[in-house]
Each structure stands twice: as C-alpha cells, then as structure tokens.
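To start, the structure under review is shown below, and the notes come after it.
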Amino acid sequence: MNSAESFSADYPEARAKFLKAAADAGGALEAVVHPERGPDGGELATDVAWFGPKDAPAVLVMISGTHGVEGFCGSGAQIDWLRRGGASGLPAGVAVLMIHAVNPYGFAWLRRVTHENVDLNRNWIDFARPLPANPGYADLADAICPAEWTEAAQAASFQVLGGFIAKNGMMAMQQAISGGQYSHPKGVFFGGAGPTWSRTTQTTIFDHYLKGAGRVGIIDYHTGLGPWGYGEQIITDLVGSPGFDRARRWYGGVVTSPSSGTSTSADIVGDGLAAAPVLLAHAEVTGMALEVGTQETMTVLGALRADAWLHAYGDPMSEQGKAIKAQIRDAFYGDADDWKGMVAGQSLLAIKQTLAGLAG
C-alpha cells in the first residue's frame, strides 16, 4: 500500500476519502455542518467517526485540521491508518474517536485560522476573565501585518522584525508573534473575543462521545515547525506533572515541552490539549501534538502574514490571492511522497504507542 495515496489535493477530496475509509472500516459516522461554504460553494463539515465499543473505558482521539490548512497532514494520517485496517485490531476495552477537519473552513480556504480569523489553539481560554496580555506582539503588530503588501512595505516590515531578532533573539520573536494575542483581530495568532464555532463543536463532540471514558489519549496533528517531515511529539503538560510523565512513558524520551524550552513551539496560551483535561475532568487525559516540519520558520511566518493581509485587505480570488494561497499551502503541506510517507510512518507509531498506553 502506498501511503501517499491517503493524502489529498484539497478539502473536498480529503473529506470524501475520509468518509469512505471510515465507512469501509465500519465506523459510526456523524457530520457537524459548518455555517460557511467552501471556495467552490460546497458544504463544509467536521466529520466524526467512532470505532469500537460505545462503552469503552479508554478512547484514543485523533484530531485533524485544528489549524485548517494543516489538515492535509492529519487527514492523510487518519485515512492511512483506516486503510491499513487499524480499526479492526483495537485492544480490548479501547475505542477510537476520529475528528476530521475540526476547522473545516480553514482547511477548505487554505487558512490556518477559523472563519472568525481566530487561531483555534489560542481560543481555549476563559473569556470571562481578563484576557492574556502580549506586549511583544503589540510592539510588532504594524510590522507583522501591514495594511499594504507591496515590496516596499514588506522590506520595511522585515527591517523591524530583523531589528527585534538582533536585539532579543529568534525565540523571543517567535514567542511574541505566535504565543497568542487578543488585541489585534486582523492579525496573526489572534485568540478571539469568545468561543469559536470550532471550539464549540469540539466541546460538544467531547461531551457526547467521551462522557463515559475513564482514560483518554489525544493525538492532535500539526505542521509548520521543524525539519522537513520530522514529527516532533509536543506535550503541553508541565514537565514533572503526572500528564507529562505518563506521556513520556508512552512515547519515550523524545517528547518535548514548550514550557521548558525544549520544543520548536512557543509557550502558548489557549490551546486545545491544555483545555482537554478541563473538558474531561472525569478522565485521565494524555495529550500529544504531532508537529511535522515543512519549511524554514521565517518562510512559514511570511506565508501566515501574507494570508492575514489577504483576508483583511485583499481579494482571495485575485491572481495575487491565488499566489498567496499557493504559498501558504506549501508552508503547511509537504506535497511530496517522501514527506507523506514520513507522516504516515510516524503517525502509525504514535497511534500504536497511544493504544498500548491506554490498554496498559
């Protein structure tokens, strides 16, 4: 079997492949239809598939498309596992819940954000409390997302960003930009002003499918950080916590932690994995983000900045818009057989490790 064939060229193809693979594997399917439409006018939906006993005490949850355009990776990994018959060999007492394209708008429109321009992994905060502050982003906001996307404007922006890097270092800039911000709605890594459709949808899915589970393992698929095709296993639990120690037993010493500075990811606020133990307070939750590398960090950031400008000030259907869409697709999807094979192989290993941990 060629793993590359499990990956897709666009959201409609990915959805069709997932639905067929899940049905062929005997999954119980449900679709949560999104209020927006795709660029082709087609339906958008978060699709859910359940495999195994409904009353299983342990459940593996596989989530694709948290960051929209990153859904190419997670969708391909989900479909590959299904096509390989993974659902037919589950350990006793373990079920699998697949959430395909939890942010279908971003997947279809080649955006990392939701239709509200919100980064779903910065949206899981308590909006009744004071919003987290990010003074670093505020200082750089005009350079990160200028009102014009001309060569002159980009050169001026890079000069500001380069000066910040020279003074504070690359990781400090990454933290300032990607750590999460709640003050610039047209900017990047915006956490929103309230719960998004995707957050509400995921909450409802968790409430319905996982209310009886005592142990839950989550694999959330991401791309855009790290070397080409390498899958970093990121644990958001604090080092030394029961959740981190359990994840380390499951996955080994290669796991990384944003809070301890061992990860390529900034230490973020409002991410879904950190929110999961609160949503599933009745269960022991072990969460891992599988982050697969694509391009160099500044290239990825440039694509995000261009896309933010495009949807705030430009025309996504223009020739410039199409060029930016190709740029952001390349930044988050390694559309090559070697990359797809690396994703599939590392995903299969992570799934085996998670199932073993849940069954142990």
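The values are calculated or read from the model by the stated rules, or taken from the named source; none is laboratory data. Treat the numbers as computed from the prediction; the structure is a model and nothing was measured. Cβ sites come from the backbone with ideal geometry, for glycine too, and all protein chains shown count toward neighbours. What goes into the accessible areas is simple: the full protein's heavy atoms, side chains included, and nothing from ligands, DNA or RNA. Shrake-Rupley method; radii C 1.70, N 1.55, O 1.52, S 1.80 Å.
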**Fill in**
Within the range 30-40, residues open to solvent by less than 80 Å² (accessible area, probe 1.4 Å) and assigned to a strand (DSSP E or B) come out as Glu30, Ala31, Val32, Val33, His34, Glu36
**Request:** Would you please list the contacts, defined by Cβ atoms under 8 Å and residues six or more apart or on different chains, that run from a residue in the range 128-153 that is touching a residue at least 40 places away in the same chain (Cβ under 8 Å) and closer than 16 Å to Leu301 by Cβ to a residue that is crowded, with 17+ Cβ neighbours inside 10 Å and of a type in the set (D, E, K, R)?
**Result:** Ile144/Arg305; Cys145/Arg305
**Prompt:** Within the range 316-329, can you find the residues that are closer than 19 Å to His115 by Cα, at pLDDT 95 or above and of a type outside the set (Gly, Ala, Ser)?
**Reply:** Lys322, Ile324, Lys325, Ile328, Arg329
**Asked** In the range 282-299, what count of residues is obtained for those that are crowded, with 16+ Cβ neighbours inside 10 Å, among the acidic types (Asp, Glu) and either without any contact (Cβ under 8 Å) to a residue 12 or more places away in the chain or out of contact with any strand residue (DSSP E or B) (no Cβ under 6 Å at 6 or more places or on another chain) (or both)?
**Response** 0
**Residues of the range 300-329 satisfying the condition of being open to solvent by 60 Å² or more (accessible area, probe 1.4 Å) and either of a type in the set (S, T, N, Q) or within 23 Å of Gly180 (Cα to Cα) (or both)** = Tyr313, Gln320, Gln327
**Message:** Kindly evaluate Leu279 against the criterion of being open to solvent by 10 Å² or more (accessible area, probe 1.4 Å) and in contact with a helix residue (DSSP H, G or I) (Cβ under 6 Å, 6 or more places away or on another chain).
**Reply:** yes
**Prompt:** Do the conditions hold for Phe127, that is, is it among the aromatic types (Phe, Trp, Tyr), more than 27 Å from Glu5 (Cα to Cα), touching a Pro at 6+ places or on another chain (Cβ under 8 Å) and at pLDDT 90 or above?
**Reply:** yes
**Item:** Top-ranked residue in the range 147-177 [being in contact with a Phe, Trp or Tyr (Cβ under 7 Å, 6 or more places away or on another chain) and under 21 Å from Tyr313 (Cβ atoms); ranked as least open to solvent (accessible area, probe 1.4 Å)]
**Value:** Ile177
**Prompt:** Based on what the data block shows, is Gly93 surrounded by fewer than 17 Cβ atoms within 10 Å (Cβ to Cβ), on the phi > 0 side of the Ramachandran plot, touching a strand residue (DSSP E or B) at 6+ places or on another chain (Cβ under 9 Å) and modelled with pLDDT of 95 or more?
**Reply:** yes
**Prompt:** Among the numbered criteria (1) at pLDDT 95 or above; (2) hydroxyl-bearing (Ser, Thr, Tyr); (3) farther than 30 Å from Lys54 by Cα, which single criterion is violated by Ser157?
**Reply:** (1)
**Asked** Restricting the first residue to the range 193-215 and requiring it to be more than 23 Å from Thr114 (Cα to Cα), which pairs with a second residue that is assigned to a helix (DSSP H, G or I) and modelled with pLDDT of 95 or more meet a Cβ separation below 8 Å and a spacing of at least six or different chains?
**Response** Arg215/Leu358
**Item:** Answer residue from the range 96-137, given it is of a type outside the set (D, E, K, R) and surrounded by fewer than 17 Cβ atoms within 10 Å (Cβ to Cβ) and is farthest from Ala31 (Cα to Cα) among those
**Value:** Pro135
**Prompt:** Which ones in the range 112-143 are among the hydroxyl-bearing types (Ser, Thr, Tyr) and within 26 Å of Gly162 (Cα to Cα)?
**Reply:** Tyr137
**Message:** Can you tell me which of (1) within 17 Å of the chain's Cα centre (by Cα); (2) farther than 30 Å from Leu161 by Cβ; (3) surrounded by 15 or more Cβ atoms within 10 Å (Cβ to Cβ) is the one Thr200 doesn't meet?
**Reply:** (3)
**Request:** Could you grab me the full set of residues in the range 71-124 that are more than 12 Å from the chain's Cα centre (by Cα), charged (D, E, K, R) and in a loop (DSSP other than H, G, I, E, B)?
**Result:** Arg84, Glu116
**Prompt:** Within the range 330-339, can you find the residues that are in a helix (DSSP H, G or I), open to solvent by 20 Å² or more (accessible area, probe 1.4 Å) and either under 16 Å from Ala9 (Cβ atoms) or among the polar types (S, T, N, Q) (or both)?
**Reply:** Asp330, Asp337
**Fill in**
Conditions (1) over 25 Å from Val33 (Cβ atoms); (2) open to solvent by 20 Å² or more (accessible area, probe 1.4 Å) -> Leu140 fails only (2)
